[in-house]
Amino acid sequence: LTSGQKIAGVAAHAGWVLAIACSPGGHHLATSSSDRQGKGWGARTRDVLHVHTDVHTDHVWGLAYEPSGERLVSAGDDGRVQIYVTPAHAEQTS
């Protein structure tokens, strides 16, 4: 591979993709969109692992994982910050 070479692509959302975050271990990605959805992805497989519909009432502009990867935080045009337990950590605590 050369620097800057595209290695993958995926049609992620019905609206504009506004934010992307990579989990601390690099195994998962999260995307958010103008379609008000948040999605979790397998970083290597590019499979959708979970979908949060109507996460916010307007565009979702920001995403960030906690350093532990236990939680994902989203920020939207609706003035709200949402905090979610990531699916991998929810399974560990069930």
Leu18 long-range amide H proximity, modeled H, under 5 Å: Ser32, Ser33, Ser34
Local net charge near Gly76, Cβ-Cβ under 10 Å (Lys/Arg +1, Asp/Glu -1): -1
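Might you report the magnitude of the Cβ-based charge dipole of the chain about its Cα centre, with Lys and Arg at +1 and Asp and Glu at -1, to the nearest 20 debye? Show your work: numbers first, answer last.
Details: 7 positive and 9 negative charges, 69 e Å.
Taking the Cα centre of the chain as origin, the dipole is about 340 debye.
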In square nanometres, what is the average projected area of the Cα convex hull of the chain? 6.6
Taking the simple approach of a point 7 Å from Cα along Cα-to-Cβ for both Val48 and Ala64, what is their distance in nm? 2.7
By the scheme Lys and Arg +1, Asp and Glu -1, what is the net charge of all other residues having a beta-carbon under 15 Å from that of Arg46? +2
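Take the chain, mark every one of the trypsin sites (Lys or Arg not before Pro) that falls in a DSSP loop and has at most 14 other Cβ within 10 Å, then report the longest stretch left between them, sites excluded.
Free of exposed loop sites, the longest segment is 7-43.
Read the figures in this text as sums done on the coordinates, not as results from a lab. Just so we're clear, the structure is a prediction, and the values are computed from it rather than from any experiment. We place every Cβ from the backbone using ideal geometry, glycine too, and count neighbours over all the protein chains shown.
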